[in-house]
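So the structure is just underneath, and the comments pick up after that.
Just so it is clear, none of the values below were taken in a lab; they were calculated from the coordinates. Quick caveat: nothing in here was measured; it's all calculated off a predicted structure. Virtual Cβ from ideal backbone geometry, glycine too; neighbours counted across all protein chains shown.
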Amino acid sequence: MSEQFHCENCKDSLYGRKYIQVDGVPHCVPCYDQHFANICQGCKELIGHNSQELYYDDRHFHEECFRCSGCKRSLAEEPFTCQDEVLLCNDCYCSEFSSRCVACNKIVMPGSRKLEYGGSVWHEECFVCRVCEKSLGSHAFIPDKDEYYCVPCYEKRFAPRCTHCKQVLLQGGVTYRDEPWHRECFVCSECEAPLAGQPFTSQGEKPYCVKCYSSLYAQKCAFCNKAITGFGDGKYISFEDRQWHQSCFKCSGCSVSLVGAGFYPSGVKILCKDCISN
């Protein structure tokens, strides 16, 4: 008596019938489809034994169901991306999720070289100087509103120039008479001592340190014969053609301060009312 040859599941004879072996065990086609075939993630139907099946990320598809969720083209032989479990061809993915270059308004393709600044994205070849159009990708640049410049072009077009040396002043510096100066160029017109951060005054258009101004232009106090500069004890009293430091404006007789009080000139002297009475 010959050995029986039947389906492992339904026990029907497999003689003269098509069957499929699983781990060396035979199954008739209906049993195989029922117990071993996968469900297509696209159409949710059974992927029969005679169907072309595609497998991706623990999910199974009929070949004809493995399509882009956007344009519906087949992905069987196309590069694709899975976004939140949705399959998309590269074109649809880029259209929906990729950034656009702010210069040319074209999509910045995944994996391509790009530059990001201030929340915007450029193709590397599109991020160029507004003036000379040279690439800024690996160079220092200066933003100005919505435009970008290489340093030489920005200096030539916008940067202020020092009033003294006429060279570009990029940062720091001082302002004198509404004009920009390098700190090292802003010096006394007489002795060339640096004036940045120091007290100074001017005569005409020229700045001077206190010492040089006092020597060249300042009035002399009628009492101490020292310059009246306006710095330090800077308040002074003027009478006719004479000036005094406020602290020096006192009675020539008793030395009482005459600031805010009546006084009487007597030749080169000034006297309080008590001393003029004596």
| query | Using +1 on the beta carbon of Lys and Arg, -1 on that of Asp and Glu, and nothing else charged, what's the dipole of the stretch 224-278 about the Cα centre, debye to 20? | reply | 80
| remark: Once amide hydrogens are built 1.01 Å from N within the peptide plane, the residues lying 5 or more places from Asp12 or on another chain with amide H under 5 Å from its amide H are Cys7
| remark: Applied in sequence order to the stretch 127-132, the curve 6.51 cos²θ - 1.76 cosθ + 1.60 (Karplus, θ = phi - 60°) yields integer Hz couplings, x standing for Gly and Pro, of 8, 10, 5, 4, 9, 8
| Can you give the FRET efficiency for Glu96 and Arg177, using 1/(1 + (r/R0)^6), R0 = 45 Å, r = Cβ-Cβ distance, to the nearest 0.05? | 0.15
| Rounded to the nearest 0.05, what FRET efficiency is calculated for Lys211 and Ala261 with R0 set to 45 Å and r the Cβ-Cβ distance? | 0.85
| How high is the relative contact order of the stretch 41-124, in percent, with contacts defined as C-alpha pairs under 8 Å that are six or more residues apart? | 15
| query | With Cβ to Cβ distances under 15 Å as the rule, what net charge do the other residues near Lys206 carry (K, R +1; D, E -1)? | reply | -2
| said: Eigenvalues of the Cα gyration tensor times 5, then square-rooted: what semi-axes does that give for the stretch 224-278, in whole angstrom, largest first? | reply: 21, 11, 9
| When Lys and Arg each count +1 and Asp and Glu each count -1, what net charge do the other residues less than 14 Å away from Glu155, Cβ to Cβ, add up to? | +4
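Eight or more residues apart or on different chains, and alpha-carbon atoms under 28 Å: count the Lys pairs in the stretch 1-143 matching that.
Lysine pairs, 8 or more places apart or on different chains, close enough: 6.
Relative contact order of the chain: what whole-number percent is it, with Cα pairs under 8 angstrom and at least 6 residues apart?
With pairs under 8 Å counted, the relative contact order is 5 percent.
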| query | Once you charge only the Cβ atoms, +1 for Lys and Arg and -1 for Asp and Glu, what is the size of the charge dipole of the stretch 74-148 about its Cα centre, to the nearest 20 debye? | reply | 400
| Rg and Dmax of the stretch 163-217, using alpha carbons, in Å: what are they? | 11.1, 35
| message | If you average the alpha carbon positions of the stretch 257-278 and of the stretch 65-123, how far apart do those two centres end up, in angstrom? | response | 94
| request: Enumerate the calculated ³J(HN,Hα) couplings along the stretch 148-163 in order (Karplus 6.51 cos²θ - 1.76 cosθ + 1.60, θ = phi - 60°), each rounded to whole Hz, writing x wherever the residue is Gly or Pro. | output: 10, 10, 6, 4, x, 5, 5, 4, 5, 8, 10, 5, x, 10, 4, 4
| query | If the cut-off is a Cα-Cα distance under 20 Å, which lysines reach Lys211, setting aside same-chain residues fewer than 8 apart in sequence? | reply | Lys220, Lys226, Lys235
